[in-house]
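Notes to accompany the following structure.
All of the numbers you see were taken from the coordinates with simple rules; none came from a lab. The structure displayed is predicted, hence computed values, not measured ones. Positions of Cβ are generated from backbone atoms using ideal geometry, with glycine treated the same way; all protein chains shown enter the neighbour counts.
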Amino acid sequence: MKYLEEFRNPELAAGLLADIRATVTRPWALMEVCGGQTHSIIRHAIDQLLPEEVELIHGPGCPVCVTPLEVIDRALAIAARPGVVFCSFGDMLRVPGTDRDLFRVRSEGGDVRVVYSPLDALRIARENPDREVVFFGIGFETTAPPNAMAVHLAREQGLRNFSMLVSHVRVPPAIDAIMASPDCRVQGFLAAGHVCSVMGTDEYPELAERHRVPIVVTGFEPLDILEGIRLTVRQLERGEHTVENAYERAVRPEGNPAARAMLEDVFEVADRAWRGIGVIPRSGWRLSSRYRDHDAEHRFDVTGIATREPAACRSGEVLQGLLKPHQCEAFGTVCTPRTPLGATMVSSEGACAAYYLYRRLGTPAAAQEASPVG
Amino acid sequence: MADTETLTPAPDFSGWSCPLPLRDHPRVVMGHGGGGALSAELVEHVFAPAFGGPLLAGLADSAVLELGGARLAFSTDSYVVRPLFFPGGSIGDLAVNGTVNDLAMSGARAAYLSCGFILEEGVETAVVDRVARALGAAARAAGVEVATGDTKVVEAGRGDGIYLNTAGIGLVAPGVDIRPQRAAPGDVVILSGPIGLHGVAIMSVREGLEFGVEVRSDCAALGGLVDAMLAVTPDLHVLRDPTRGGLAAALNEIATAAGVGVRLTERAVPVPEAVANACALLGLDPLYVANEGKLVAFVPRREAEAVLAAMRAHPLGAEAVVIGECVEDHLGMVVARTGFGGTRVVDLPMGEQLPRIC
Amino acid sequence: MCLAVPGRVTEIGERDGTRMAVMDFGGVVKDVCLEYLPDLAVGDYAIVHVGFALQRLDEESARRTLALFEELGLLQEEFGDPWEAAGQWVGAEEATAAEEAGR
């Protein structure tokens, strides 16, 4: 068992697809919450194999794309300072702020380094005691424990030159906000498997019950995604709305207790803006006051940087499946993958970016067919 | 460069049909050297208008020109790889094979190379010696002679030890006309072997990213393989070595240059297990990872079988496979059929490939 | 968020006061922090994200899931082949052209 190829076997997809076809009797709109799942869906083109009744609405995407413009602008301001080594996951470098991105800061002399792990940033801090080393701490609940560990170790080891710019987001409040919208079209959720590997599943039954919506914890390989869809459709057809786990090999109900304890210690829940969507109550984490010494926002005094999101962006409606990307006036004109206004154009898997790319295939029908927006 | 500045005024940013990129980047970013969309725009919007010659407009890896009755292929390339030595090769091997391959992609057998060394003050002479010997050995293996050279030294801190530049010339046989614009619907697309080896080998030893992997760069001179293919037919339409930007960039460039569509069968593209797993770990797509000893060929359908057989008979093409075809649909685009039977667009990479988390 | 991959523990040790492992990802070897899964032993598989092991992979449930998929496949054979139908929908006949050309 290698836990990888086995779950990419096209032959086994046949049975899953057959079962979905045999079960579905009318149209259903499902949302996959996680950008990683969207990536897998597009990369393997599995949305094209589903019966037409099943529509996939791409969720808020990845934490990279939903990081608010304001936080990006703060990151850029810190990274441009002399004496700062600014460390980031590779994804963040091309995400544009108001007038530039981290690539450009680097071209203007900023010391911006791509790291694989927050522990790499910690090592850089240890090796450069005379430099301020700042790590851009973004991510959902999956990435939060590694980042929390880095802050915790920095304090424990007295690495005073290490700080973190934190913009963590939490999935359950986002699901809640999407479902609470009066126009919401989403009827079932594929919950993000690796978020649940850390957090477990105990936040979801209440959501499923209150919004009467099936929530199926789903993995990332093609067969995992088909299984998540199969279980969600089955619940919908039966009129059920419970929490199911289609990713049992990596998700226990209690999650990872050690990681959850560290999150409790290092972070505290806060309201958080999502790029192109707006503020979602209690949907983020910030460093708790005990770790204020390692909080880059305070160390570099960038809290004064306040950026408003462009008003033309309607990605919130696109995310909820209320609007097709090309129906937005900014689409393809002021908003393109090079000059994105909102989350759905920032990420290459975002609904708008994918639509922009597939539009080049030619006819509107082709775009319609190939577009993950459905 | 100083001369060209006096010939033409600064580029006029306002008149571009292509939106934004350079206006977005008043300074050069790493992506301008990444072989993707940004590199292409730099050439298209700055170099081509400034130099203005018809040969450069072809935008091929090497130019084919007539001189004194001979048809010559002419190419130059600079090498800034870090680290200087990596599993399966060194900057010296790359400097020979890269330029030899650029010539081979025009159907030319490289005859002579020039070689410029830009050395950083303080670099150990033993290292220079090691690179020079690797370069010499690679040249002998490729059957090419280093005929002229140059050395410059820059101050400490202004270079990564050693930068190299090589230029090469070679003869193109009569009747051979290989260039991206000749890709035609119906052509069969053949890849000479497994992808991603060079890029993964380099990444595995790059500072800050280090991982252990039994992968060696595929760095090799492809002149002999191309000779074997030309022996079957001089009518090869396109050859391209998928270096920076990987197979995805090479196929996109061809699709754009010829105004054709490329249909790729994803399952047919050989990806070694360790390459696939390294890419999975870093969030990269093997189609975008660099190769230094592979080529992709667009061959008329009637010749495909014989060309494929000739490639497989050569050591550097032993694992050659058909990976797709050239079509009249989705002009200028590469569309892959996935292992699960759907299709996806394989876009031109924007710039450098970076590890990602989501 | 979710680029997390399965790996197998091959060595366990300490570094900078942190519990670390060498893990194998199908021929790719990388250092991984075990602080969140301190009980992980050599030979165990875990999901790894940005250099941290976050959850042990359970072989038994993986096998159970795959067995279920196989079972669905057997059922499907009795009721025709929608895989073929799905393939046609996206133009399977064209996609084989490349393979044929190679013959």
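Do you know the relative contact order of chain B, to the nearest whole percent, from alpha carbon pairs under 8 angstrom that are 6+ apart? Can you show the working numbers first?
Details: 792 pairs, mean separation 74.8, N = 358.
It comes to 21 percent, rounded to a whole number.
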Mean separation of Cα contacts under 8 Å (at least 6 apart) over the residue count of the range C:5-56, i.e. the relative contact order in percent, is 36
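Shape verdict for the range B:61-176, please, from the Cα gyration tensor: rounded (a/c under 1.5), prolate (a/b greater than b/c) or oblate.
Values: a/c = 2.54, a/b = 2.07, b/c = 1.23.
Prolate.
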Among bridges DSSP assigns within the range B:61-176, what percent are antiparallel (round to 5)? 75
Which is farthest toward the positive dipole end of the range B:39-191 among B:CYS115, B:THR151, B:PRO174, measuring Cα position about the Cα centre, with Cβ charges +1 (Lys, Arg) and -1 (Asp, Glu)? B:PRO174
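Using the alpha carbons of the protein assembly as shown, what is the convex hull volume per residue in cubic angstrom, as a whole number? Could the numbers behind the result be given before it?
Numbers: hull volume 135.6 nm³, N = 835.
Once divided by residue count, the hull of the protein assembly as shown is 162 Å³.
Counting helices only, and only those DSSP H runs with n ≥ 4, report the 222 nm mean residue ellipticity of the protein assembly as shown as the sum of -39,500 (n - 2.57) divided by its residues, in deg cm²/dmol to the nearest 500. Write down the numbers at each step before the final one.
Working: 32 runs with 297 residues, N = 835.
For the protein assembly as shown, the value works out to -10000 deg cm²/dmol.
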Under 5 Å from the placed amide H of B:VAL172, counting only residues 5+ away or on other chains, we find B:ARG71, B:LEU72, B:ALA73
A correct Karplus calculation of ³J(HN,Hα) over the range B:134-150, with 6.51 cos²θ - 1.76 cosθ + 1.60, θ = phi - 60°, whole Hz and x for Gly and Pro, returns 4, 5, x, 5, 5, 5, 4, 5, 8, x, 10, 10, 7, 9, 7, x, 7
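Determine the shielding of peptide B:278-287 by partner chains: average, over its residues, the number of Cβ atoms on other chains within 10 angstrom of each Cβ. Numbers along the way, then the final one.
Values: counts 5, 1, 7, 11, 6, 8, 1, 2, 0, 0.
The mean count of partner-chain Cβ atoms within 10 Å per residue comes to 4.
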The Kirkwood hydrodynamic radius of chain A, taken as the inverse of the mean 1/r over all distinct Cα pairs, in Å, comes to 21.3
Please turn the phi angles of the range C:32-46 into ³J(HN,Hα) values with the Karplus equation 6.51 cos²θ - 1.76 cosθ + 1.60 (θ = phi - 60°), one per residue in order, whole Hz, x for glycine and proline. 9, 7, 9, 4, 8, 9, x, 8, 4, 10, 4, x, 6, 9, 8
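Just want the ordering: B:ASP187, A:ASP301, from fewest to most Cβ atoms lying within 10 Å of their own Cβ.
On the way: B:ASP187 27, A:ASP301 11.
Least crowded to most crowded, the residues run A:ASP301, B:ASP187.
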If neighbour count is taken as other Cβ atoms inside 10 Å, put A:LYS324, A:LYS2, B:LYS294, B:LYS152 in order from fewest to most. B:LYS152, A:LYS2, A:LYS324, B:LYS294
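Ranked by Cβ crowding within 10 angstrom, fewest neighbours first, how are B:VAL188, B:VAL127 ordered?
Numbers: B:VAL188 26, B:VAL127 15.
Ordered from fewest to most neighbouring Cβ atoms within 10 Å, B:VAL188, B:VAL127 come out as B:VAL127, B:VAL188.
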Along the charge dipole of chain B, pointing to its positive end and built from +1/-1 on Cβ of Lys, Arg, Asp and Glu, which listed residue (B:GLY208, B:ILE162, B:GLY186) has its Cα farthest out? B:GLY186
As straight-line cross-link partners of A:LYS2, the qualifying lysines (C-alpha separation under 19 Å, not fewer than 8 residues apart within one chain) are C:LYS30
Taking one equal scatterer on every alpha-carbon of the range B:91-134, how large is log10 of I(q)/I(0) by Debye at q = 0.14, 0.19, 0.27, 0.33 1/Å? -0.41, -0.65, -0.98, -1.20
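Against the 2.2 N^0.38 Å scaling, with N counting residues, where does chain B land? I'd like the Cα-based Rg ratio to two decimal places.
Values: Rg = 19.9 Å, N = 358, 2.2 N^0.38 = 20.6 Å.
The reported ratio for this selection is 0.97.
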If you restrict to DSSP beta bridges whose two residues both lie in the protein assembly as shown, what percentage is antiparallel, to the nearest 5? 60
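Return the tail of the calculated pair distribution for the range C:1-58, meaning the percent of Cα-Cα pairs more than 13 Å apart. Numbers along the way, then the final one.
Numbers: 848 of 1653 pairs.
The calculated P(r) of the range C:1-58 puts 51 percent of pairs beyond 13 Å.
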If R₀ is 22 angstrom, what is the calculated FRET efficiency for the pair A:ARG126 and C:ASP39, using the beta carbon separation as r and rounding to 0.05? 0.20
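Across peptide A:5-15, what mean number of C-beta atoms from other chains lies inside 10 Å of a residue's C-beta? Walk me through the intermediate numbers first.
Working: counts 3, 5, 5, 2, 6, 7, 4, 6, 8, 11, 12.
Averaged over the peptide's residues, the number is 6.
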Can you tell me the orientation of helix A:222-238 relative to chain A, as the angle in degrees between its alpha-carbon axis and the longest Cα principal axis, to the nearest 10? 60
In the neighbourhood of A:GLU55 defined by beta carbon distances under 10 Å, the net charge of the other residues (Lys, Arg +1; Asp, Glu -1) is -2
log10 of Debye I(q)/I(0), alpha-carbon scatterers only, for the range B:228-268 at 0.14, 0.26, 0.33 Å⁻¹: -0.41, -0.99, -1.07
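What are the trypsin sites (Lys or Arg not before Pro) within the range A:252-356 that DSSP puts in a loop, where the Cβ has at most 10 other Cβ atoms within 10 Å?
Values: sites: A:ARG260, A:ARG272, A:ARG275, A:ARG282, A:ARG286, A:ARG290, A:ARG292, A:ARG299, A:ARG308, A:ARG314, A:ARG338; in loops: A:ARG275, A:ARG308, A:ARG314, A:ARG338.
Taking the range A:252-356 and a limit of 10 other Cβ atoms within 10 Å, the loop trypsin sites (Lys or Arg not before Pro) found are A:ARG308.
Could you pull out the GluC sites (Glu not before Pro) across the range A:267-335 that fall in loop regions by DSSP (anything but H, G, I, E, B) with no more than 12 other Cβ atoms inside 10 Å? Intermediate results must be reported in sequence, preceding the final value.
Values: sites: A:GLU268, A:GLU297, A:GLU317, A:GLU329; in loops: A:GLU329.
Answer by residue number: A:GLU329.
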Given H placed on each backbone N at 1.01 Å, which residues far from C:ILE12 in sequence or on other chains put an amide H within less than 5 Å of it? C:VAL22
Sequence-separation-based contact order of the range B:180-346, relative, with Cα cut under 8 Å and 6+ spacing, percent: 42
Helix A:118-127 vs. chain A, principal-axis angle (Cα, 0 to 90°, nearest 10): 10
Counting only the backbone N, which residues of the range B:170-208 are under 20 Å from the spot 7 Å out from the Cα of B:SER114 toward its beta-carbon? B:170-172
Built amide H within the under 5 Å cut-off of A:ILE305, gap 5+: none
Please compute the average number of Cβ atoms from other chains found within 10 Å of each residue's Cβ in peptide B:71-84. 0
